[in-house]
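A.B. asks: This is the structure, below, for whatever I ask next.
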Ligand SMILES: *[C@@H]1O[C@H](CO)[C@@H](O)[C@H](O)[C@H]1NC(C)=O
Ligand SMILES: *[C@@H]1O[C@H](CO)[C@@H](O)[C@H](O)[C@H]1NC(C)=O
Ligand SMILES: [Zn+2]
């Protein structure tokens, strides 16, 4: 026990001086129709989110889909949660500072390379309970959406990866406050962190057991929608292979309620982070694929 407390103290004291003063992003969700003026890629034709609908016929065998790989010693993981002014962003590492999660593609497959988790962040609605997800799936929005953002290891980091079509892979989970769903997003104690993250730019680092993430990510990669798109925030780089699990996943109700009300979106503290989702964009002539890995079968169907 004393060892655990010591390392926690070290983590916190090391993490704080490195933090830069919060800089408010220049863009606002309510002005998203104008993002393209400052960030031209936001006006492109490969934008996200899009509506995800079942695909028709044209099935073919595809081989192995992407697999998720977890670092060793996830039980003593490390988490840093930050109020960016636009979302709750979380980085996850094991106890030696290695990235906690990677995606491994296959030669013939959807992801040609290895991708490393950069951050997990969320999009949500407001307490009135309307739309909060970015993607629309099978005709419906959900109340929130989680994004696990991975960068292609050959580019080294997210900012370098943004310049490449195969730069990023984002695993999306559409979130519904319904405990009866078979899969749930673990809160990882973030509900306990939110009271310390009300100020824009504030951040918390602590130890955490990351093992509860294993099941939802593994299950998400068995059946999903996939298409090529973009970041859903400026600069809207069209660098993303989207992997969106095809069933809603449950989110803890008190956690969702806290998300909707607790974090400030500006340095003055006068705005709250709510409805941090982007409007739908046209799929256009992009392929929308559905991947299904079940017993003895790996199917990809696209339209
Ligand atoms: C953290 O994960 C990496 C990658 O799996 C592994 O090489 C390393 O040994 C792990 N750290 C510890 C202390 O186990
Ligand atoms: C990202 O990688 C590029 C290319 O290797 C490098 O020039 C840049 O400094 C890195 N950026 C960060 C934030 O680490
Ligand atoms: Zn996102």
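A.B. asks: Quick one: how many residues across region 239-272 are assigned to a loop (DSSP other than H, G, I, E, B) and more than 16 Å from ligand 2 (Cβ to nearest atom)?
C.D. replies: Matching residues across region 239-272 total 13.
A.B. asks: Now for a different question. Could you tell me whether any residue of region 80-93 is surrounded by fewer than 23 Cβ atoms within 10 Å (Cβ to Cβ) and over 17 Å from the mean Cα position of the chain (by Cα)?
C.D. replies: Scanning region 80-93, I find no residue that is surrounded by fewer than 23 Cβ atoms within 10 Å (Cβ to Cβ) and over 17 Å from the mean Cα position of the chain (by Cα), so the answer is no.
A.B. asks: Now for a separate question. Given the conditions (1) surrounded by 15 or more Cβ atoms within 10 Å (Cβ to Cβ); (2) at pLDDT 80 or above; (3) not in a loop (DSSP other than H, G, I, E, B), report the number of the one that residue 27 does not fulfil.
C.D. replies: Residue 27 satisfies all of (1) surrounded by 15 or more Cβ atoms within 10 Å (Cβ to Cβ); (2) at pLDDT 80 or above; (3) not in a loop (DSSP other than H, G, I, E, B) except (3).
A.B. asks: Of these, 180, 169, which one is away from ligand 2 (no atom under 16 Å from the Cβ), assigned to a strand (DSSP E or B) and either within 15 Å of residue 226 (Cα to Cα) or out of contact with any strand residue (DSSP E or B) (no Cβ under 6 Å at 6 or more places or on another chain) (or both)?
C.D. replies: 169
A.B. asks: Something else now. Consider region 188-217. How many of its residues are surrounded by fewer than 23 Cβ atoms within 10 Å (Cβ to Cβ), within 16 Å of ligand 1 (Cβ to nearest atom) and not in a loop (DSSP other than H, G, I, E, B)?
C.D. replies: Number of matching residues: 4.
A.B. asks: Next question, about the same structure. Show the residue pairs meeting these rules: Cβ distance below 6 Å; 6+ apart or different chains; first residue within region 73-88 and in contact (Cβ under 8 Å) with a residue 24 or more places away in the chain and at negative phi; second residue in a strand (DSSP E or B) and within 16 Å of ligand 2 (Cβ to nearest atom).
C.D. replies: From residues that are in contact (Cβ under 8 Å) with a residue 24 or more places away in the chain and at negative phi, the pairs are 78/93; 80/91; 82/89.
A.B. asks: While we're on this one: List pairs: first residue in region 171-197 and closer than 20 Å to residue 130 by Cα, second residue surrounded by fewer than 16 Cβ atoms within 10 Å (Cβ to Cβ) anywhere in the structure, Cβ distance under 8 angstrom, at least six positions apart or on different chains.
C.D. replies: Partner pairs satisfying both residue conditions: 177/253; 179/253.
A.B. asks: Scan (1) farther than 30 Å from residue 106 by Cα; (2) assigned to a loop (DSSP other than H, G, I, E, B) for the single condition residue 236 breaks and write down its number.
C.D. replies: Only one criterion in (1) farther than 30 Å from residue 106 by Cα; (2) assigned to a loop (DSSP other than H, G, I, E, B) is unmet by residue 236, namely (1).
A.B. asks: Oh, and also: Cβ-Cβ below 6 Å, separation at least six or inter-chain, first residue in region 236-251 and on the phi > 0 side of the Ramachandran plot, second at pLDDT 95 or above and crowded, with 24+ Cβ neighbours inside 10 Å: which pairs?
C.D. replies: 236/42; 236/230
A.B. asks: Pick from region 281-303 the residues that are touching a strand residue (DSSP E or B) at 6+ places or on another chain (Cβ under 6 Å) and in a loop (DSSP other than H, G, I, E, B): which of them is farthest from residue 67 (Cα to Cα)?
C.D. replies: 286
A.B. asks: If the requirement is being under 16 Å from the mean Cα position of the chain (by Cα) and under 30 Å from residue 286 (Cα atoms), which of these qualifies: 131, 214, 218, 222?
C.D. replies: 218
A.B. asks: Are there any pairs, at least 6 apart or on different chains, whose C-beta atoms fall under 8 Å, with the first in region 89-108 and under 17 Å from residue 169 (Cβ atoms) and free of Cβ contacts under 8 Å to residues at least 60 places away in the same chain and the second within 16 Å of ligand 2 (Cβ to nearest atom) and part of a loop (DSSP other than H, G, I, E, B), and if so, which?
C.D. replies: Hits for this filter: 105/113.
The values are calculated or read from the model by the stated rules, or taken from the named source; none is laboratory data. Please read all numbers here as calculations on a predicted model, not as lab measurements. Quick reminder, even Gly has a Cβ in these numbers, built from the backbone with ideal geometry, and neighbours come from all protein chains shown.
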